[in-house]
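*Asks:* Structure incoming, see below.
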Amino acid sequence: MSGLDDPWMARAVEIAARGTRAVRPNPKVGCVLVRDGRVVGEGFHAVCGGPHAEVEALRQAGASARGATAYVTLEPCNHHGRTGPCSDALIAAGVARVVAAVRDPNPSAQGGLARLAAAGVEVLCGLGADAARAVAEVFLTNVVHGRPLVQLKLAASADGRVAAADGTSRWVTGPAARAEVARMRGEADAVLVGSGTALADNPRLDLRHAPDAGPLPLRVVFDRRGRLADVDPAALHLGDAAHQATHIVTARADGWLRWIDRGAQVSVQGAQGDWTRAALAGLLRAGVCHLLCEGGPILAAGMLRAGVVDRIELFVAPKALGAGPGAIADLGVAGIDGALGWRWCQAQMCGDDVWLTGRFTKE
């Protein structure tokens, strides 16, 4: 690979990002076809079951694809799913060279680069891998770790409090932060809280602060002890499952009829083993590929202890409370050497608040 390839792969990554949650459980992928130094076709994967990025680019290029180089953010697929193999489509179009950013980790789809090489196409892999992984991180997390991508949202005062000493918490952060969180909800398949937050805050988990953010996400409650079973669902916003779907994951098998009658889904996950990871795997099987965790300190600590957080979004307000619950409950850390760490990758103003984004190294 030469430096001449870099801008074309950067363009492929850029158009891959146009994909929305409509592609799931498939990945966001972009493809750019270049011949004689100019773009002859480009495409991205827009919807699950629809044409893949390579097919869209080939359709745009037509006969100009012959002898071209294809820059694609993920290894072209090599299987018959809802669409045919992209590797075969590239071969049939006469593409001379394929540069891929990341190999496909899905065993049923991988092998496209080998198929292309066997047909005499020059293949290269690894260019722009970090940027391509970031765009396709939901899919990659689903396949590699067998669970949804988990995005943990925290909002706290400058001294790390999520509520005042009297329990009041609306609003720690400002309207710009609330609008940004609503946008995050629109990008996620589901929003997660714990039973404590469901009972104490009676959250809506809707998009009212950013009504154009996207379709309403599924609302998920982790209620291992089954506390909500003893509560009239009509008393909670989460109980209105006809307006916005609610899914309760619990280890309690009985007492859920009132919730089910109001349209809620209830999944019983046995208490044995790693309950959190098992619950997340169940959500992935139910179609939740990207999960936004908005629970309180106990749920945040539980997700961090389980090692399932991929991304952290921290909104810090310019105010101090001096007392009240912290953003994260006890992690069982005895000394500074045992502190849980991550890498900050972005910091910006969000209204009067500071918004920090961090990523965790994959286990």
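The values are calculated or read from the model by the stated rules, or taken from the named source; none is laboratory data. Only a predicted model underlies this, so the values are computations on that prediction, with no experimental measurement involved. In this analysis, Cβ positions are derived from the backbone assuming ideal geometry, glycine residues included, and neighbour counts consider all displayed protein chains. The protein model used for the area step is the full one, side chains on, heavy atoms only, and it has no ligands, DNA or RNA in it. Shrake-Rupley method; radii C 1.70, N 1.55, O 1.52, S 1.80 Å.
*Asks:* Quick one: how many residues across segment 1-33 are within 15 Å of Val98 (Cβ to Cβ) and surrounded by fewer than 23 Cβ atoms within 10 Å (Cβ to Cβ)? Before you say what the answer is, go through the steps one by one.
*Replies:* At the first step, the residues of segment 1-33 found to be within 15 Å of Val98 (Cβ to Cβ) are 1, 5, 8-9, 12, 29-33.
Narrowing the set further to residues that are surrounded by fewer than 23 Cβ atoms within 10 Å (Cβ to Cβ) leaves 1, 5, 8.
Adding up the residues that qualify gives 3.
*Asks:* Let me ask another. Hey, can you tell me all the residues within segment 234-252 that are assigned to a loop (DSSP other than H, G, I, E, B) and either open to solvent by 50 Å² or more (accessible area, probe 1.4 Å) or among the hydroxyl-bearing types (Ser, Thr, Tyr) (or both)?
*Replies:* Scanning segment 234-252 gives Asp240, Ala242, His243, Arg252.
*Asks:* For Gln110, work out the one condition from (1) open to solvent by less than 30 Å² (accessible area, probe 1.4 Å); (2) under 24 Å from Cys289 (Cα atoms); (3) touching an Asp or Glu at 6+ places or on another chain (Cβ under 8 Å) it doesn't fulfil.
*Replies:* In the conditions (1) open to solvent by less than 30 Å² (accessible area, probe 1.4 Å); (2) under 24 Å from Cys289 (Cα atoms); (3) touching an Asp or Glu at 6+ places or on another chain (Cβ under 8 Å), Gln110 misses (1) alone.
*Asks:* A further question follows. Kindly provide the set of residues from segment 48-68 that are modelled with pLDDT of 95 or more, surrounded by fewer than 19 Cβ atoms within 10 Å (Cβ to Cβ) and within 25 Å of Asp130 (Cα to Cα), ordered by number.
*Replies:* none
This table checks each residue for (1) out of contact with any His (no Cβ under 9 Å at 6 or more places or on another chain); (2) modelled with pLDDT of 95 or more; (3) crowded, with 20+ Cβ neighbours inside 10 Å; (4) closer than 16 Å to Ala188 by Cβ.
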| site | (1), (2), (3), (4) |
| --- | --- |
| Arg219 | no, yes, yes, yes |
| Asp223 | yes, yes, yes, no |
| Ala264 | no, yes, yes, no |
| Gln272 | yes, no, no, no |
| Val309 | yes, yes, yes, yes |
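*Asks:* Oh, and also: Inside segment 253-262, can you point out the residues that are surrounded by fewer than 12 Cβ atoms within 10 Å (Cβ to Cβ) and not charged (D, E, K, R)? Write out each step before concluding.
*Replies:* Going residue by residue through segment 253-262, those that are surrounded by fewer than 12 Cβ atoms within 10 Å (Cβ to Cβ) are 253-254, 257, 261.
Listed by number, the residues that qualify are Ala253, Leu257.
*Asks:* List the number of the failed condition for Trp275; all other conditions in (1) aromatic (Phe, Trp, Tyr); (2) out of contact with any Lys or Arg (no Cβ under 9 Å at 6 or more places or on another chain); (3) under 23 Å from Arg305 (Cα atoms) hold.
*Replies:* (2)
*Asks:* Right, something else. Residues to consider are Ala177, Ala198, Ala210; find the one that is over 22 Å from the mean Cα position of the chain (by Cα) and either open to solvent by less than 40 Å² (accessible area, probe 1.4 Å) or modelled with pLDDT under 95 (or both). Walk me through how you get there before you give the answer.
*Replies:* Numbers: Ala177 fails: over 22 Å from the mean Cα position of the chain (by Cα); Ala210 fails: over 22 Å from the mean Cα position of the chain (by Cα).
None of the other options fit; the residue is Ala198.
*Asks:* Please name all residue pairs, on different chains or six or more residues apart, with Cβ atoms under 8 Å, provided the first residue is in segment 134-146 and is in contact (Cβ under 8 Å) with a residue 24 or more places away in the chain and the second residue is in a helix (DSSP H, G or I) and surrounded by 19 or more Cβ atoms within 10 Å (Cβ to Cβ).
*Replies:* Hits for this filter: Val135/Val13; Val135/Ala16; Ala136/Ala16; Asn142/Leu284; Gly146/Leu284.
*Asks:* Since Val172 meets every condition but one in (1) hydrophobic (A, V, I, L, M, F, W, C); (2) open to solvent by 10 Å² or more (accessible area, probe 1.4 Å); (3) over 28 Å from Ala320 (Cα atoms); (4) more than 22 Å from the chain's Cα centre (by Cα), which condition does it not meet?
*Replies:* Unmet for Val172, out of (1) hydrophobic (A, V, I, L, M, F, W, C); (2) open to solvent by 10 Å² or more (accessible area, probe 1.4 Å); (3) over 28 Å from Ala320 (Cα atoms); (4) more than 22 Å from the chain's Cα centre (by Cα): (3).
*Asks:* What's the number of the only condition in (1) over 25 Å from Gly322 (Cβ atoms); (2) out of contact with any strand residue (DSSP E or B) (no Cβ under 9 Å at 6 or more places or on another chain); (3) part of a helix (DSSP H, G or I) that Gly196 fails to meet?
*Replies:* The number of the failed condition is (1).
*Asks:* Please go through segment 117-137 and pick out each residue that is more than 16 Å from His45 (Cβ to Cβ), open to solvent by less than 30 Å² (accessible area, probe 1.4 Å) and not in a loop (DSSP other than H, G, I, E, B).
*Replies:* Within segment 117-137, Ala129 is the sole residue that qualifies.
*Asks:* May I pose another question? Within segment 201-220, identify whether any single residue is in a helix (DSSP H, G or I), farther than 25 Å from Ala329 by Cα, out of contact with any Phe, Trp or Tyr (no Cβ under 9 Å at 6 or more places or on another chain) and in contact (Cβ under 8 Å) with a residue 60 or more places away in the chain, and answer yes or no. Even if it seems obvious, please write down each step before you answer.
*Replies:* Of all residues in segment 201-220, those in a helix (DSSP H, G or I) come to 201.
Within this subset, residues satisfying the condition of being farther than 25 Å from Ala329 by Cα are none.
Scanning segment 201-220, I find no residue that is in a helix (DSSP H, G or I), farther than 25 Å from Ala329 by Cα, out of contact with any Phe, Trp or Tyr (no Cβ under 9 Å at 6 or more places or on another chain) and in contact (Cβ under 8 Å) with a residue 60 or more places away in the chain, so the answer is no.
*Asks:* Still on this structure: Taking segment 323-344, which residues are open to solvent by 70 Å² or more (accessible area, probe 1.4 Å) and touching a Leu at 6+ places or on another chain (Cβ under 9 Å)? Even if it seems obvious, please write down each step before you answer.
*Replies:* Start the filter on segment 323-344 by keeping residues that are open to solvent by 70 Å² or more (accessible area, probe 1.4 Å), which leaves 330, 334, 336-337, 340, 342-344.
Hits for segment 323-344 are Leu340, Trp344.
*Asks:* Among all residue pairs at least 6 apart or on different chains, which show Cβ distances below 6 Å where the first residue, located in segment 169-184, is closer than 17 Å to Ala198 by Cα and the second is small (Gly, Ala, Ser)?
*Replies:* Ser169/Ala163
*Asks:* Further question: Exactly one condition in (1) open to solvent by 30 Å² or more (accessible area, probe 1.4 Å); (2) out of contact with any Phe, Trp or Tyr (no Cβ under 9 Å at 6 or more places or on another chain); (3) not β-branched (Val, Ile, Thr) is false for Leu291; which is it?
*Replies:* With (1) open to solvent by 30 Å² or more (accessible area, probe 1.4 Å); (2) out of contact with any Phe, Trp or Tyr (no Cβ under 9 Å at 6 or more places or on another chain); (3) not β-branched (Val, Ile, Thr) applied to Leu291, the lone miss is (1).
*Asks:* Same structure again: Taking interchain pairs and intrachain pairs at least six residues apart, which have beta carbon atoms under 6 angstrom, with the first residue in segment 113-133 and free of Cβ contacts under 8 Å to residues at least 24 places away in the same chain and the second open to solvent by less than 50 Å² (accessible area, probe 1.4 Å) and not in a helix (DSSP H, G or I)?
*Replies:* So the pair list comes out as Ala117/Val123.
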